[in-house]
Amino acid sequence: MSLFSRISSWSRLALAAAGCAGAVIVAGCAGGPTTGSTATQVAPTAVQGARYSVNWPGRYIGSSRCPSNAPAGCTGIDMVLTLNGSNTYTLSTTIKRRTQPYSFTSNGRFRWDASNSVIQLASKDENMRLSVGRAGLTRISTDIMSEAEAQRNLLVFRKF
């Protein structure tokens, strides 16, 4: 004889009712406590892009070969880029030459593209697109350099 058969029909009915009541209580708790007002639940959304997932403000350093349109005697380019949380930047560039190096600094604002993973430095002196990632910044293109040439003359900025 099983345990269930030993329980009277009245007890089985009471157990079934208790089980149903427990299910209702558990289901009722799933929605959280209720008050007189109706609460709207907002599902969390995943924020995409380096703008929100990478600690990008700071100083970066990078070096590259001279582009094909560089002045004669260019032996390389060193850059120090500072990105500020206010979407402003300072870019110090030194063009290494066989004679004396030539240095200049540009300042301006930058903007994020729709993917929030690429910034564009925008000023009267500079127009460079950079991919932002955990490892640093990578030049995509400039106003005088195509994406293909930017890939041939790779410039990666490392944070320091």
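Identify, by number, the condition in (1) surrounded by fewer than 17 Cβ atoms within 10 Å (Cβ to Cβ); (2) within 22 Å of the chain's Cα centre (by Cα); (3) closer than 21 Å to T75 by Cβ that G108 doesn't meet.
(3)
Within the range 70-106, work out how many residues are closer than 13 Å to L121 by Cβ and in a loop (DSSP other than H, G, I, E, B).
2
So which residues in the range 106-134 are among the aliphatic types (A, V, I, L, M), under 17 Å from L83 (Cα atoms) and modelled with pLDDT of 90 or more, if there are any at all?
Of everything in the range 106-134, those that are among the aliphatic types (A, V, I, L, M), under 17 Å from L83 (Cα atoms) and modelled with pLDDT of 90 or more turn out to be V118, I119, L121, L130, V132.
Within the set of pairs 6 or more residues apart or between chains, which connect a residue that is under 16 Å from Y89 (Cα atoms) and in contact (Cβ under 8 Å) with a residue 12 or more places away in the chain inside the range 108-123 to a residue that is among the charged types (D, E, K, R) and outside any strand (DSSP E or B) with Cβ atoms less than 7 Å apart?
Partner pairs satisfying both residue conditions: G108/E126; W112/R51.
Taking the range 107-126 on its own, how many of its residues are in contact with a helix residue (DSSP H, G or I) (Cβ under 6 Å, 6 or more places away or on another chain) and outside any loop (DSSP other than H, G, I, E, B)?
The number of residues fulfilling the criteria is 1.
Of all residues in the range 111-129, count the ones that are over 13 Å from the mean Cα position of the chain (by Cα) and either surrounded by 13 or more Cβ atoms within 10 Å (Cβ to Cβ) or not basic (K, R) (or both).
Looking only at that region, the number is 9.
The values are calculated or read from the model by the stated rules, or taken from the named source; none is laboratory data. Predicted model, so just to flag it, every value in this text is computed and none were measured. Using ideal geometry, Cβ is built from the backbone for each residue, glycine included, and neighbour counts are taken over all protein chains shown.
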